[in-house]
1. For Y114 and N19, calculate 0.36 nm times their separation in residues minus their Cα-Cα distance, and state this gained length in nm to one decimal.
2. Could you give the angle, 0 to 90 degrees to the nearest 10, between helix 117-144's Cα long axis and the longest principal axis of the Cα atoms of the chain?
3. Once you have the Cα-Cα distance between R136 and E148, take 0.36 nm times their residue separation minus that, and quote the gain in nm to one decimal.
4. Can you give the FRET efficiency to the nearest 0.05 for T97 and E74, using r as the Cβ-Cβ distance and R₀ = 25 Å?
5. Residue-wise, which Karplus ³J(HN,Hα) couplings in Hz belong to region 20-35, taking 6.51 cos²θ - 1.76 cosθ + 1.60, θ = phi - 60°, and x for glycine or proline?
6. Got the relative contact order for the chain handy, in percent, Cα pairs under 8 Å and 6 or more residues apart?
7. Treating only the Cβ of Lys, Arg, Asp and Glu as charged (+1, +1, -1, -1), what charge dipole size does the chain show about its Cα centre? Round to the nearest 20 debye.
8. For Rg and Dmax of the Cα atoms in Å, pick the label among [x] 17.1, 53; [y] 16.8, 56; [z] 30.5, 101 that corresponds to the value derived from the coordinates.
Amino acid sequence: MLPQYDYMKTTVTSVSEINVDIGISKNNLEKIIGLLNHDLADEYILLTKTKKYHWNVVDPRFNDLHKFLDEQYELLSVAVDDVAERARSLGGKSRATLKEFIESSQIREDPGAYPDGDSMLGNLLKDHETIIKTLRKHIEECQELEDEGTANFLTDKMEVHEKMAWMLRSFLHTK
């Protein structure tokens, strides 16, 4: 069971002064923007952890892992930008500071830790699975808030994480 987070408490998610008239109430837009900002924080912390592991991997499979982690980082970089822009397209603001990301993400950093290659992959796999579970919940919430567009957007993000998790599992299974 995932811990419950107050997605609205750690950032201003109010809809902009410009009227966003897309068939979703202002109240629902604010809730959706809060969900997106939570997802953005998770994506950003995972992005940072992936780059840390890319830089610091020590393993007999160094070359393969180094390239693989860089590819995963690039996919996450796109996801971060997409989620931030989705929140903006709905009239909200996107979190944009490390403090906000750390305070509102359920993904945890591991400062000072430099695990072996398999532990790195296992940590990243666990984080992707956490994000997948959260995205499933947020998809349902967006549907309840009458925003099929964001539900579809999050479904696409979930599928990217499912593929990344599969690749991580494949690396872990090859030993």
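1. Values: separation 95, 0.36 × 95 = 34.20 nm, distance 4.79 nm.
Taking Y114 through N19 to full extension adds about 29.4 nm, to one decimal.
2. The angle comes out near 20 degrees.
3. On the way: separation 12, 0.36 × 12 = 4.32 nm, distance 1.34 nm.
Full extension from R136 to E148 adds 3.0 nm.
4. Working from the Cβ atoms, E equals 0.65.
5. My calculation for region 20-35 gives 9, 10, 10, x, 10, 4, 4, 4, 5, 4, 4, 5, 5, 4, x, 4 Hz in order.
6. Values: 190 pairs, mean separation 48.9, N = 175.
In percent, rounded to a whole number, it is 28.
7. On the way: 22 positive and 32 negative charges, 92 e Å.
Around 440 debye, computed over the chain.
8. [y]
Every number in this text was worked out from the coordinates using simple rules, so none of it is lab data. Since this is a predicted model, take the numbers as computed values, not measurements. FYI the Cβ positions are ideal-geometry reconstructions off the backbone, even for glycines, and counts take in every protein chain you see.
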